[in-house]
Amino acid sequence: MLRCVLSIFLGLGFVATVNAQPGALTPLQQAQTMLEERPWVEQAAWQALTQSGLPIVTDHPDNPALARVTFAFRSAENVRTVRLDSILNAPHAAEFVRDYRQDFTLPLTRIGDSRIWHVTIDAARSVPATYSFMVETDAGVSRWGDSQNPRQLRGASAEAVFIGDAVTGPAWWTPVPPRLQRRAETLTIQSAQLNRDVALEIHRATDPAAPVLILYDAFLWGVRAPAWEIVHNLSAAGRIPPMHVILIDQLDPESASVNYTDQSAFVSGELLPFLRAELGLATARGNIVLAGASRRGLSAAITALEHPAEIGNALSLSGSFYWAPTGEAPEWLARALAPAASLSARFLLAAGTMEYVANSTNQGHVMLAANDNMVAALDAAGYQAETMIFDGGHDIAAWRGALAEGLITLLGEAPGR
């Protein structure tokens, strides 16, 4: 077993860094002072608070690895509460999270009777994270983004992204210039295994024998953080060979009831034959990567275990290896492994430094430990398996970089394997 600890290169992100002179007021203090003295100047106070953008980052007084980060939100009139939802909350979470909103999200404080809310936390400068605000009114709770932060995921309901100033290196997800954009193919497979039509988003490489990335969740990796752009940028930089990118629309929730074997049968018996017959793909199994995040990473690993003749590599991002079928103890898959055959897949399991929160879903079997345990079990059974630790949490902001580094690890050193 090889355990790799990587600081994922994510690129410099947007932070409103404030270097105040000793004794000078911070933007938040300025806004608070203005509203204390003149409660009617809310618009001016909000402008003072947001003049350099949000969130506001200042140095931590004691720890240079941390930053003091102020998030702010301006609400409508009828708002009861505002809470920050982000993996950055992990150090402040309850010891065991039972009620996500109450035990994990953090409350913002209103400035006087204004519509301006704020919260300040300490965050690792090396951790990227999405964040949003959970806003409660008489009508219920809704989620809002941060319009004052230009770093956003894509899509209609995009979340803002915080990236600390200690995160450096190439941002592999940088949007591809319009002149290099290519329209994706959208095709449908009538799947008997899944009992539904499966929509595929396909980005072809020029060479039919090029490596293939098959990735679950076309909304996550086709809209919010386009995987084909990550692959394009890596290939353009010479870090991996050009690849076909195949996005599967979703992972069926019902697949858990059959231990995800229907997904395995779909990928091996329907999807791969379709790609060969309809698209002419001729990729060797050693250059096929099946990937996904969370439950999708678990499913990718199960498929690679069951069909090593078709799938050469499984890349799991924050895989849910705590999962178990009904009636079984957590981390079932690690106990259910058969010894590796002469032909077996390679497994790269990535988990984030902030994936240590125990909750009612993982029953205390947190991602970091469960992924480590799974790699240890794979190794003991004779499989080629590695752990990759990235800065971040259960969050697409860090998964983007983890996907890139995972592809470099699996295909970059010997692309013709």
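Every test in (1) in contact (Cβ under 8 Å) with a residue 40 or more places away in the chain; (2) surrounded by 15 or more Cβ atoms within 10 Å (Cβ to Cβ) is passed by Arg80 save one, and that test is (2).
Could you tell me which residue of the range 283-311 is nearest to the chain's Cα centre (by Cα), considering only residues that are over 16 Å from Gln250 (Cβ atoms) and in a helix (DSSP H, G or I)?
Step one: of the range 283-311, the residues over 16 Å from Gln250 (Cβ atoms) are 283-289, 301-302, 304-311.
This time we only want the ones that are in a helix (DSSP H, G or I), so: 285-287, 301-302, 304-306.
Values: Arg285: 26, Gly286: 25, Asn287: 23, Ala301: 18, Ile302: 20, Ala304: 21, Leu305: 24, Glu306: 26 Å.
Among those that are over 16 Å from Gln250 (Cβ atoms) and in a helix (DSSP H, G or I), it is Ala301.
Counting only residues that are among the aliphatic types (A, V, I, L, M) and over 16 Å from Ser75 (Cβ atoms), which one in the range 126-159 is farthest from the chain's Cα centre (by Cα)? In this case the residue turns out to be Ala156. In this structure, is Thr137 polar (S, T, N, Q), modelled with pLDDT of 90 or more, over 20 Å from Ser86 (Cα atoms) and outside the structural domain of Thr353 (by TED's automatic domain parsing)? Yes, satisfied.
Residues that are without any contact (Cβ under 8 Å) to a residue 12 or more places away in the chain and not in a loop (DSSP other than H, G, I, E, B) within the range 83-102 comprise just one, Gln102. Among the residues of the range 362-370, is any in a strand (DSSP E or B), under 15 Å from Ser294 (Cα atoms) and of a type outside the set (S, T, N, Q)? Checking the range 362-370: not a single residue is in a strand (DSSP E or B), under 15 Å from Ser294 (Cα atoms) and of a type outside the set (S, T, N, Q). Flag: Ser235 matches the condition of being in contact with a Pro (Cβ under 6 Å, 6 or more places away or on another chain), in the same structural domain as Gly269 (by TED's automatic domain parsing) and either touching a residue at least 24 places away in the same chain (Cβ under 8 Å) or polar (S, T, N, Q) (or both).
Matching residues to (1) acidic (Asp, Glu); (2) closer than 16 Å to Thr137 by Cα:
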site: Gly53; (1), (2): no, no
site: Ile56; (1), (2): no, no
site: Arg68; (1), (2): no, no
site: Phe73; (1), (2): no, yes
site: Arg98; (1), (2): no, no
site: Arg101; (1), (2): no, yes
site: Gly112; (1), (2): no, no
site: Asp122; (1), (2): yes, no
site: Ser126; (1), (2): no, no
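If you filter the range 244-256 down to residues that are out of contact with any strand residue (DSSP E or B) (no Cβ under 9 Å at 6 or more places or on another chain) and either under 21 Å from Trp221 (Cα atoms) or free of Cβ contacts under 8 Å to residues at least 12 places away in the same chain (or both), you find that the one that is surrounded by the most Cβ atoms within 10 Å (Cβ to Cβ) is Ser255.
With the structure loaded, tell me whether Val212 is farther than 21 Å from Thr409 by Cβ and in contact with a helix residue (DSSP H, G or I) (Cβ under 8 Å, 6 or more places away or on another chain) or whether it fails that test.
Working: farther than 21 Å from Thr409 by Cβ: no; in contact with a helix residue (DSSP H, G or I) (Cβ under 8 Å, 6 or more places away or on another chain): yes.
Judged against the criteria, Val212 is not a match.
State all residues of the range 331-352 that are on the phi < 0 side of the Ramachandran plot, part of a loop (DSSP other than H, G, I, E, B) and crowded, with 16+ Cβ neighbours inside 10 Å; if no residue qualifies, say none. Scanning the range 331-352 gives Ala340, Ser344, Ala345. If the condition is being of a type in the set (Phe, Trp, Tyr) and more than 21 Å from the chain's Cα centre (by Cα), then the range 210-261 contributes only Tyr260. Flag: Ala376 matches the condition of being in the same structural domain as Asp217 (by TED's automatic domain parsing) and touching a helix residue (DSSP H, G or I) at 6+ places or on another chain (Cβ under 9 Å).
The values are calculated or read from the model by the stated rules, or taken from the named source; none is laboratory data. Note that the structure is a prediction, hence the values are computed from the model and not measured. Don't worry about glycine lacking a Cβ; one is built from the backbone with ideal geometry, like all the others, and counts go over all protein chains shown.
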